[in-house]
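What follows is calculated from the coordinates using simple rules that are stated; it is not laboratory data. Since this is a predicted model, take the numbers as computed values, not measurements. In this analysis, Cβ positions are derived from the backbone assuming ideal geometry, glycine residues included, and neighbour counts consider all displayed protein chains.
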Amino acid sequence: MTGTPATLDVRDLKTHFFTKAGVARAVDGVSFSVAKGEVVGLVGESGSGKTVTGFSIIGLVDPPGRVVSGEVLFKGENLLALGNDGMRKLRGNRIAMIFQDPMMTLNPVLRVDTQMVETIKAHDPGVSKRDALLRARDALGQVGIPAPDERLRSYPHQFSGGMRQRVAIAIALLNKPDLIIADEPTTALDVTIQGQILYEAQKLCRETGTSMIWITHDLAVVAGLADKICVMYGGRIVEQGAISDVLDHPVHPYTRGLLGSVPGHNTRGQRLYQIPGMAPSLMNLPEGCAFQARCPKADTACKTEPAITEPVPGRAIRCFHPHLDRSEEVGT
Amino acid sequence: MSEAMLEIDDLSRNFTKKLDLAERLAQKMGANIREEVVHAVDGVSLKIAKGGVVGLVGESGCGKSTLGRMIAGILPPSSGRIVYKGISLTDMDIAEAKRAALEIQMIFQDPFASLNPRMRVVDIIGEAPVAHGFAKPSEIHEYVCDVMQRVGLDPEYRRRYPHQFSGGQRQRIGIARALAVKPEFLVCDEAIAALDVSIQAQVINLFMDLREDLDLTYLFISHDLSVVEHISDRVVIMYLGRVVEIASTDALFEKPNHPYAQALLNEVPRVDQRGRDYKPVEGEIPSPLDPPGGCHFHPRCPHAMDRCRAERPVLREIAPERWSACHLNDGT
């Protein structure tokens, strides 16, 4: 990436969990960047390390997990060197996070206004309560909550699931962050409600220039929302690039397999392509490429770790045998 | 359409929340407290042809699971009839009822909760066939190995416990348990919702293979329209306890008739749609405790008229083999 500095630049991030049973390399050499106003989709199946990547960026990895090496440059500043106090000033202020379950982020015994004013005052102690309340109300209105004045005085349990997620997003927005990390925020919601949340997220990025990392397992959601996509497998990004490039011409065998197994994208009633086997345990990843055991193209070269290459401009992949022939069909 | 294997006629199921002691006392003293009734399924009629796959779609609280449970015989209906192979389930003699109960099997959503953690796989799968005389106790291992192979499980693992399997494998155990009593009709209640994309594809393929090999009929309940689109011949869409549209999959996805069906199809995220502009349906799903009068969808419907607020639209045939419950269809 050249030109204006990226909002976020993650370089060779490694987060390992040191458990009694061994070391789990949950994130193992992840590099990607997020430009201003850009939405990056971080896609992977369970255990691929996508959530831990998000937690590592915002500094929420708990022991036995530890960020072992790498750099997380937020507007040029390395967050990993910042320490706890420095991170606390940034978190909820310049970088915010939205979680899958809004009940995790909202305190059930405090009214919404209390929680929102607290967030504002934590980062800006000089603000009067009145101004803070006004800002809270505006944030609720911004995410499409009807009658924000009344809703401010409600408790989280008085909201429906979709509304609760909106409140969580409103709290993330309060201090006008430069970066929002959204971890599966619509997975628990119904289709029509998911549509509403995606609409708010998209509006937000377009209007305020907030950058976003959207972590999900759902390729279809990312397809509609993101500008860039990073596909994770076994703790590494195996393929990244502009959304249309990657989804229309996937190069890594895993991305190809994943796209082949999405129903709705493929011809009705036909067998879906199935990736054989299952995801390896992070505890004992094979030497070299994590995908080799399930990959149709694997050979002895895959026993060593593939480096990041750029076979097509703007694409970064980790594979010795990328599918560069565009005429072949997905899933073969 | 060939002969109907299963026919449902004006089926309803209510759940009543009984008053507790304090509420009964308050009621006696003249307080305005009444028992709350949820019409989980409200006058549903549909037919399922032999060998067909019917997808039942709807958002949370629409009654799709309740309907599935009534068909599987787990939940008695409040009113209406379920006719299986020409005989109403309530009119069957004991032998017929037993046969129907075996022939209609259910597969559940959560592969963690639906398997007894203290039983070995061989007993989970083998218990019912022995009890119902499909296999002698001495032949049980052989019988179970057969069924396990059919669903793609290694028979070597039959002495293991459910916790030793991954989510996808557990779902296969659930499917094997249902298949062990040689069913003809499977009710799959969100059977693949909890699985990762690549594992989901494996299980969808398994369902399609089994349908061909064993001539099964499915009621496939799901909130995921793209899965339903892939696997079903016909689709039933429910909203707050009522069926709003029944159509063949092709016809529905080409041109949905009911405004709710249109909204739902519009909201489905698709891999082939990039950088889309979200235009979500307004409003929340109303509480089933207090659904809006007339057509349940009218508060969220862009075409709502006075008639929609007053009169419940009947489900009527708008084209051959296609039904919709909307007043707009009367205008022509």
So if we plug the beta-carbon distance of B:Arg322 and A:Ala242 into 1/(1 + (r/R0)^6) with R0 = 25 Å, what FRET efficiency do we get, rounded to 0.05?
0.05
Contact order normalised by residue count of chain B, Cα under 8 Å, 6+ apart, percent
20 percent
Separation between the A:Lys36 and B:Asp277 pseudo-spin-labels, each 7 Å from Cα along Cα→Cβ, expressed in nm?
2.5 nm
Percent of alpha-carbon pairs separated by more than 12 Å within region A:212-257
59 percent
What list do you get for B:Cys308, B:Cys188 if you sort them by fewest beta carbons within 10 Å?
B:Cys308, B:Cys188
Electrostatic dipole magnitude of chain B [Cβ: Lys, Arg +1; Asp, Glu -1; Cα centre; debye, to 20]
700 debye
Crossing angle, helix B:197-214 versus chain B [Cα axis fit, 0-90 degrees, rounded to tens]
70 degrees
Take A:Val109, project a point 7 Å from its Cα along the Cβ direction, then tell me which residues of region A:157-189 have their backbone nitrogen under 17 Å from it.
A:157-158
Checked against the positive end of the charge dipole of chain B (+1 on Cβ of Lys and Arg, -1 on Cβ of Asp and Glu, about the Cα centre), the farthest of B:Leu264, B:Gln202, B:Gln169 is B:Gln169
Determine, from the Cβ-Cβ distance of B:Met119 and B:Leu19 and an R0 of 41 Å, the FRET efficiency 1/(1 + (r/R0)^6), rounded to the nearest 0.05.
0.55
Compute the angle between helix B:140-150 and the longest alpha-carbon principal axis of chain B, please, reported from 0 to 90 degrees and rounded to the nearest 10.
50 degrees
From the alpha carbon gyration tensor of chain A, can you work out the equivalent ellipsoid semi-axes (sqrt of 5 times each eigenvalue) and give them in Å, largest to smallest?
36, 22, 18
Loop trypsin sites (Lys or Arg not before Pro), region B:106-186, which have at most 13 other Cβ atoms in a 10 Å radius of their Cβ (DSSP):
B:Arg118
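Provide Rg over Rh for region B:71-205; use the alpha carbon set for both Rg and the Kirkwood Rh (inverse mean inverse pair distance).
Numbers: Rg = 15.7 Å, Rh = 15.8 Å.
A ratio of 0.99.
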With the cut-off at 1.5 for a/c, could you classify the protein assembly as shown from its C-alpha gyration tensor as rounded, prolate or oblate?
oblate
Peptide A:208-220 - average C-beta neighbours from other chains (10 Å radius)
2
Relative contact order for region B:1-147: what percent, with Cα pairs under 8 Å and sequence separation of 6 or more?
24 percent
Ranked by how many other beta carbons lie within 10 Å on average, peptides B:96-103, A:284-291, B:132-139 from highest:
A:284-291, B:96-103, B:132-139
In degrees between 0 and 90, to the nearest 10, how far off the longest principal axis of chain B does helix B:121-131 point, with axes built from Cα atoms?
90 degrees
Considering every residue in B:219-230, what mean count of other chain Cβ atoms within 10 Å of its Cβ is obtained?
3
Taking the Cα of B:Ser79, stepping 7 Å toward and past its beta carbon, and measuring to each backbone N in region B:217-238: which are under 16 Å?
none
Within 10 Å of each residue's Cβ, count the other Cβ atoms and sort A:Asp9, B:Asp330 from fewest upward.
B:Asp330, A:Asp9
Quote to one decimal, in nm, the extra length available between A:Arg271 and A:Lys121 on full extension: 0.36 nm per residue of separation minus the C-alpha distance between them.
48.4 nm
Which value, in Å to one decimal place, does the Kirkwood hydrodynamic radius take for region B:212-264 when every pair of different Cα atoms is included?
11.9 Å
Inter-chain Cβ neighbour average for residues B:189-200, partner chain, 10 Å
5
Residues listed by number, region B:126-141, amide nitrogen under 15 Å from B:Arg159 label point at 7 Å toward C-beta:
B:141
Fewest-first sequence of B:Glu254, A:Glu200 by Cβ atoms within 10 Å of each Cβ:
B:Glu254, A:Glu200
Which value, in nm² and rounded to one decimal, describes the direction-averaged projected area of the C-alpha convex hull of region B:1-150?
13.6 nm²
How far apart, in nm, are two points set 7 Å out from the Cα along the Cα-to-Cβ line at A:Leu82 and at B:Glu139?
6.9 nm
